[in-house]
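First the structure, in the form of structure tokens, and then the observations on it.
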Amino acid sequence: MKSELLFSSLYVAYNKSNGHKITDYMHIPQMEAWFGEEEAKAVSDYLKGNLKGRPWNAEFEKAVRDVTGASFAVTTLNGTISLTQALLALELKPGDEVLVPDSTMIATPNSCLIIGLKPVLVDIEKETLCLDLTRAEEALTPRTKAMMYVPLNGRSGNMDEVVAFCKKHTLFLIEDAAQALGSYYKGTHFFKKHLGTFGDIGSFSFSLFKIISTTQGAVLVTSSEKWNEKIKLLKDFGRTGKGPDIHDHFGFNFKMSGVLALLGVEQFKKLPWRMKRKKEMFARFKDGLADTPQVEFIKTDLSVTTPWFMDIFVDEPAKLATHLKKEGVDTRFFYPPVHTQEVYKKDYVGKSFPVSERYATRGLWLPSSSQLTNEEIDHIIGAIKKFYKVKS
Ligand SMILES: Cc1ncc(COP(=O)(O)O)c(C=O)c1O
């Protein structure tokens, strides 16, 4: 967007005009939310009552449908409750088992626990860091009813195989695409399809640090009219339009506030620029660190993937993180394997998940917000090279 580009160049100009060395004053956060004048005006108009009657949620849902190609989209509370809502819509029952990758944000398995389902953790593939179907096969039991596939950081495995696996084993497929807005999978038949649209239901989170944000919020997508209807009933107290206090079904209040939906409408206009920028950023980090063999990148096809976080894998990430902190650079560690987290570990004593364990001990997220300037990226690259004593 024009305003975002203007912001970037002003920021660089400010840094330069200050005549400081970049490290003298710079603090580079790992992530930042980014709202502009357009969002401020939309919220102000909303609060002044100037936007009465505008179908805010429907506009946001249309924006999601347009980008993802999904037939239906429903705004909802956040990317955790949305997953629970999907499981409820598919009528999973307490005790049913759901395959979940061992490497994901804790919300994925937690969304199952909330309603008494059993998340069954599965190791990941080293090429994509997504759920490994071979390991999934070993985890199947007669109670397995669904798979939650997480295209982590916008990357996915072979979605044709994921869909075929679920079909073969009569499993519902829910895609937790919280980190995959702007990312696609291109199968063998040369067309690309947005991640989150391969299964029964897909979920996108719009929390504060996502590529675009509604501060908190999520959207569920589906191509099934039946699931769409159920998702809508669940979100609005089971109302079917017969009157505000007539409830033909059981339901909750999972509604997204109109003011947040409006934020989403404005933010979506900025998505194409931000997708482009995230890809440029990832490419700049990768090129800049090409001569630093200590830093591993996951193979990433930028023609289909919009990396949400700039992820690198190194020995002893804590030491690198401490060094970067001194250089004014914040980082964040990769997710610990879910099976090592307090709530889950009692069920996995003595079990090993070699790939998720290996990547958890090596992963580091570098600054990743789309405001990051090229100068800041080069500063981070320089700081990493300094740590490994590689000449710039
Ligand atoms: C993979 C994944 N699933 C679910 C969530 C939860 O989304 P929310 O924070 O909107 O509840 C996140 C949040 O980052 C996530 O990364």
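How do the strands (runs of 3 or more DSSP E) wholly within region 184-280 filter down when requiring 2 or more residues that are among the β-branched types (Val, Ile, Thr): which remain?
Result: 218-222.
Mind checking which residues of region 195-221 are within 25 Å of Leu99 (Cα to Cα) and surrounded by fewer than 24 Cβ atoms within 10 Å (Cβ to Cβ)?
Thr197, Phe198, Asp200, Ser207, Lys210
Yes/no per residue for (1) modelled with pLDDT of 95 or more; (2) within 28 Å of Ile212 (Cα to Cα):
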residue: Phe309; (1), (2): yes, yes
residue: Val314; (1), (2): yes, no
residue: Thr331; (1), (2): yes, yes
residue: Phe353; (1), (2): yes, no
residue: Ala360; (1), (2): yes, yes
residue: Leu372; (1), (2): yes, yes
residue: Ile380; (1), (2): yes, yes
residue: Lys391; (1), (2): no, no
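Does Ala58 satisfy being more than 21 Å from the chain's Cα centre (by Cα) and among the small types (Gly, Ala, Ser)?
Judged against the criteria, Ala58 is a match.
Let's see how each residue does on (1) within 16 Å of the ligand (Cβ to nearest atom); (2) of a type in the set (A, V, I, L, M); (3) more than 28 Å from Ala58 (Cβ to Cβ); (4) in contact with a strand residue (DSSP E or B) (Cβ under 8 Å, 6 or more places away or on another chain):
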| position | (1), (2), (3), (4) |
| --- | --- |
| Thr144 | no, no, yes, yes |
| Pro151 | yes, no, no, yes |
| Leu171 | no, yes, yes, yes |
| Ser183 | yes, no, no, yes |
| Lys192 | no, no, no, yes |
| Leu195 | yes, yes, no, yes |
| Ser203 | yes, no, no, yes |
| Gly217 | yes, no, no, yes |
| Leu220 | yes, yes, no, yes |
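Is it the case that Glu229 is free of Cβ contacts under 8 Å to residues at least 24 places away in the same chain and either farther than 20 Å from Ser103 by Cα or over 21 Å from the mean Cα position of the chain (by Cα) (or both)?
yes
Of everything in region 124-177, what is on the phi > 0 side of the Ramachandran plot and of a type outside the set (Ser, Thr, Tyr)? Give them in sequence order.
Leu129, Asn153, Gly154
Can you pull out every residue in region 145-181 that is within 17 Å of Ser71 (Cα to Cα) and either out of contact with any Asp or Glu (no Cβ under 7 Å at 6 or more places or on another chain) or without any contact (Cβ under 8 Å) to a residue 12 or more places away in the chain (or both)?
Glu175, Ala177, Leu181, listed by residue number.
Which of (1) surrounded by 19 or more Cβ atoms within 10 Å (Cβ to Cβ); (2) within 12 Å of the ligand (Cβ to nearest atom) does Cys166 not meet, given it meets every other one?
Of (1) surrounded by 19 or more Cβ atoms within 10 Å (Cβ to Cβ); (2) within 12 Å of the ligand (Cβ to nearest atom), only one is false for Cys166: (2).
Contact list please: Cβ distance under 7 Å, first residue in region 356-384 and part of a helix (DSSP H, G or I), second residue among the small types (Gly, Ala, Ser), pairs at least six apart or on different chains.
Ser356/Ser103; Tyr359/Ser103; Ala360/Ser103; Asp378/Gly288; Ile381/Gly288; Gly382/Ser392
All but one of (1) within 14 Å of the ligand (Cβ to nearest atom); (2) over 30 Å from Thr300 (Cα atoms) hold for Leu233; state the number of the condition that does not hold.
If we test Leu233 against (1) within 14 Å of the ligand (Cβ to nearest atom); (2) over 30 Å from Thr300 (Cα atoms), just (1) comes out false.
Counting residues that are within 13 Å of the ligand (Cβ to nearest atom) and more than 22 Å from Asp236 (Cβ to Cβ), which helices (runs of 4 or more DSSP H) fully inside region 20-129 reach at least 1?
107-113
Could you count how many residues in region 276-300 are free of Cβ contacts under 8 Å to residues at least 40 places away in the same chain and either over 23 Å from His27 (Cα atoms) or over 18 Å from the mean Cα position of the chain (by Cα) (or both)?
Final tally of qualifying residues: 8.
The values are calculated or read from the model by the stated rules, or taken from the named source; none is laboratory data. All figures in this text were calculated on a predicted structure; none of them were measured in a lab. With ideal geometry, Cβ positions are generated from the backbone for all residues, glycine too; neighbour counts draw on all protein chains shown.
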